[in-house]
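These notes are about the structure you will find just below.
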Amino acid sequence: MTETNEQNNEQRLDFIRQIVADDLEKGTWDGRVHTRFPPEPNGYLHIGHAKSICLNFGIASEFGGKCNLRFDDTNPCKEEQEYVDSIIEDVKWLGWDWEDRLYFASDYFQQMYDWAVELIKKGAAYVCDLTAEEMREYRGTLTEPGKNSPYRDRSAEENLDLFTRMKNGEFPDGSKTLKAKIDMASPNVNLRDPVMYRILHAAHHRTGDAWCIYPMYDWAHGLEDSVEGITHSICTLEFENHRPLYDWFLDALEIYHPRQSEFARLNLTYTMMSKRKLLQLVKDGHVNGWDDPRMPTLSGLRRRGFSPESIRTFCKTIGVNKFNSTVDYALLEHCLRQHLNATSPRVMAVLNPLKVVITNYPDGQADDLDAVNNPEDVSAGTRKVPFGKVLYIEQEDFMEEPPKKFFRLAPGREVRLRYAFFITCNEVIKDEAGNIVELHCTYDPETRGGDAPDGRKVKATLHWVSAEHALNAEVRLYDHLFTKENPDDVPEGQDFAANTNPDSLKVLENCKIEPSVKDTKPLDRLQFERLGYFCTDKDSTPEKLVFNKTVGLKDTWAKIQKQQKKK
RNA sequence: UGGGGUAUAGUGUAACGGUAGCACGACUGACUCUGAAUCAGUUAGUUGGGGUUCAAAUCCCUGUACCCCAACCA
């Protein structure tokens, strides 16, 4: 029984997959599973979209079905080709494949128009001359019913004529709409004669000036799903109230009718997903563009050094549900580190260099030491790392007066340089202001490779680079964009911008990195030993290497320091 | 005339009338040529109140809280 329980746990389906599985069993859709990811090309995709993408494409692949990529481009005022391109790139990057099924709602404009004509003929739609403001009045409120538009009872002939002329561009923007004739007293406000078409003399990024009337989401979306033979139309919770309308249109038309299901969108601590607010961050210069490594956009995460695998694992881990929740950013980081640890080549880099002279190392001598590329993956092999008389170590790895539990280098103390030698600090050189500028150390030639033949131990192993061979690099360190778990948690009268973290970006110009990385390419992911995971930035050139810090290694020493400070 | 949804450790989820489990986080410890990783352990939960039942997170009744809806946005 325990065994079956465990199996059940592993195969446990979320409620949407359960619906799909049940339908498959009942034969509801003749054994088909067909989903779609339908973004509006009005912004860049973010990690919240990744949840939806992984759900829709994931279901298709798990159940032997198909998933379309469809652009819901029904509002020319907000949409641009730039967004189409970025969305295609991002979904691809995540590792999903829509094969030849790349669709655009705008491809169906004629079909939608024809169907609208059909509804008019059936007496289920009418042209309305109410202004936006009047329409709001006629709609009623949440607690009071609306009232019928004075244009509601126009004849089918008149409606047909008017609608044709709307399409032909005879009327100015906002002067008329086509509306569904449903029920102005419905407790569901969406059913109070919703607008199907509005007049918009605007150029569309794909259809140009071919149309001056554009379909509204509620009218268009079900038709798109129907045309494509979608079985399960999966969307977010806020569309729950729209489902009766989705169903109404398809029923009225008596056409193929998919099933809509809704799930909760993703919220993440220390970030936010609203396209509007992300746009504001970009426009107000809080970040350097949509692909700024601090952004939760997929392009930002990619540039930051996230792997698509880690994002997919994350999406699987958070599950799918119907209630709003906020996932801890630490869970994303966990999934990230897990994948990066297994796959990232190790390399030694010093972010804040402190010069170390090995006083007993012969002038002119050179050593090439063997270093393991990835201890988690023997097939990654080894590489040579050059050693020299003058080295750099991390400033943080030396303390003149070490507190308790500080295991690293200190006067008189012996530590190991990774893959190299044991060294002992003999002398601390300071400048006039008293800053430590250099250490004089001696090394033990017997410890070459990192082990002492006499079996003596050291408490710390430091990363290092040879001054003579090191490459210069700029390293960009990132922290949360916001100082609060919930960026919208602000004093009255302020907006989320008040919570932006002034220290979310720190640039280190004078970093030193081992020569093996000289041919690194943008998006290469590396682990800088003992520091964290880093990714070569697109700004990187052979003359000036630039790296982004993706995420740090867990840092027990930092925790101890914090505790010591508290005391 | 309001309607539609949802509540399980700090966080995210599982348990489909039958032992409240997993993951993240936090905290111990072991191991370690990364204070990483790994391993072992600790921590902590069913929204309140009634009821049905041998047995309730699950079914019923009744409160409470939170989310969504009144764009010619999606």
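What the Cα convex hull of chain A gives, in volume per residue, is 224 Å³. Both numbers refer to the Cα atoms of the range A:288-347; Rg and Dmax are 12.8, 44 Å. Here the peptides A:280-287, A:38-45, A:167-174 are ranked by packing, the mean other Cβ count within 10 Å, and the order with the highest first is A:38-45, A:280-287, A:167-174.
Cα centroid separation, the range A:133-156 to the range A:504-567: 61 Å. Inter-label distance, residue A:432 to residue A:488: 5.7 nm, where each label sits 7 Å from its Cα along the C-beta direction. Placing unit charges on the Cβ atoms of the charged side chains and taking the dipole of chain A about its Cα centre, the candidate lying farthest along the positive direction among A:339, A:208, A:362 is A:362. Full extension from residue A:324 to residue A:460: what is 0.36 nm times the residue separation minus their Cα-Cα distance, to one decimal in nm? Computed gain between residue A:324 and residue A:460 is 44.4 nm. About its Cα centre, chain A has a charge dipole of approximately 1380 debye under the convention of +1 per Lys or Arg Cβ and -1 per Asp or Glu Cβ, with nothing else charged. At a probe radius of 1.4 angstrom, the accessible area of chain A per residue rounds to 47 square angstrom. The charge dipole of the range A:2-156, taken about its Cα centre with unit charges on the Cβ of Lys, Arg, Asp and Glu (plus for the first two, minus for the last two), comes to roughly 620 debye.
Of A:191, A:324, A:239, which is farthest towards the positive pole of chain A's charge dipole, taken about the Cα centre with +1 and -1 on the beta-carbons of Lys, Arg and Asp, Glu respectively? Farthest towards the positive pole: A:324. Equivalent ellipsoid of the range A:235-334: semi-axes from √(5λ) of the C-alpha gyration tensor, largest first, are 32, 18, 13 Å. Between residue A:158 and residue A:102, what FRET efficiency comes out of the Förster formula 1/(1 + (r/R0)^6) with R0 = 51 Å and r the beta carbon distance, rounded to 0.05? Efficiency, from the Cβ-Cβ distance: 0.80. Here chain A exposes an accessible surface that is 47 percent carbon and sulfur, computed with a 1.4 Å probe and the other protein chains kept in place.
Roughly how far apart, in whole Å, are the Cα centres of the range A:297-334 and the range A:15-39? Taking the Cα centre of the range A:15-39 as reference, the centre of the range A:297-334 is 24 Å away. Please give the residues of the range A:469-511, grouped as numeric ranges, whose backbone N is less than 20 Å from a label point set 7 Å along the Cα-to-Cβ vector of residue A:288. The answer is A:472-482, A:500-511.
For a straight C-alpha distance cut-off of 28 angstrom, the lysines reachable from residue A:66 (same-chain residues fewer than eight places away being disregarded) are A:26, A:51, A:92, A:275, A:316, A:322. Peptide packing: for A:246-252, A:137-143, the average count of neighbouring Cβ atoms within 10 Å per residue gives the ranking A:246-252, A:137-143, highest mean first. What separates the Cα centres of the range A:66-93 and the range A:340-417 is a distance of 47 Å.
Across all directions, the shadow cast by the convex hull of the range A:519-560 built on its C-alpha atoms averages 3.2 square nanometres. All alpha carbon pair distances within the range A:158-205 were sorted into 10 Å bins beginning at 0; the resulting P(r) in whole percents reads 25, 42, 27, 6. Evaluate E = 1/(1 + (r/R0)^6) for residue A:316 and residue A:472, where r is the Cβ-Cβ distance and R0 equals 30 Å; express this FRET efficiency to the nearest 0.05. Rounded to the nearest 0.05, the efficiency is 0.15. Farthest toward the dipole's positive end in the range A:102-160, which of A:159, A:142, A:130, given Cβ charges of +1 (Lys, Arg) and -1 (Asp, Glu) about the Cα centre? The residue sitting most towards the positive pole is A:142. In the range A:129-188, Rg over Rh equals 1.01, where Rg is the alpha-carbon radius of gyration and Rh the Kirkwood radius from pairwise Cα distances.
Relative to the compact-globule estimate of 2.2 N^0.38 Å, the Cα radius of gyration of the range A:365-441 comes out at 1.33. Only Cα pairs under 8 Å and at least 6 apart count here; give the relative contact order of the range A:107-224 as a rounded whole percent. The normalised contact order for the range A:107-224 reaches 25 percent. What the Cα convex hull of the range A:143-291 gives, in volume per residue, is 190 Å³. A simple charge model with +1 on the Cβ of Lys and Arg, -1 on the Cβ of Asp and Glu and nothing else charged puts the dipole of the range A:451-567 at about 740 debye relative to its Cα centre.
Computed with the Debye formula from one identical point scatterer per Cα of the range A:14-56, without solvent, the log10 of I(q)/I(0) at q = 0.23, 0.25, 0.26 Å⁻¹ comes to -0.81, -0.88, -0.91.
The values are calculated or read from the model by the stated rules, or taken from the named source; none is laboratory data. Source: prediction; values computed, not measured. With ideal geometry, Cβ positions are generated from the backbone for all residues, glycine too; neighbour counts draw on all protein chains shown. To get the accessible areas, we keep the full protein, side chains included, count just its heavy atoms, and leave off ligands, DNA and RNA. Shrake-Rupley method; radii C 1.70, N 1.55, O 1.52, S 1.80 Å.
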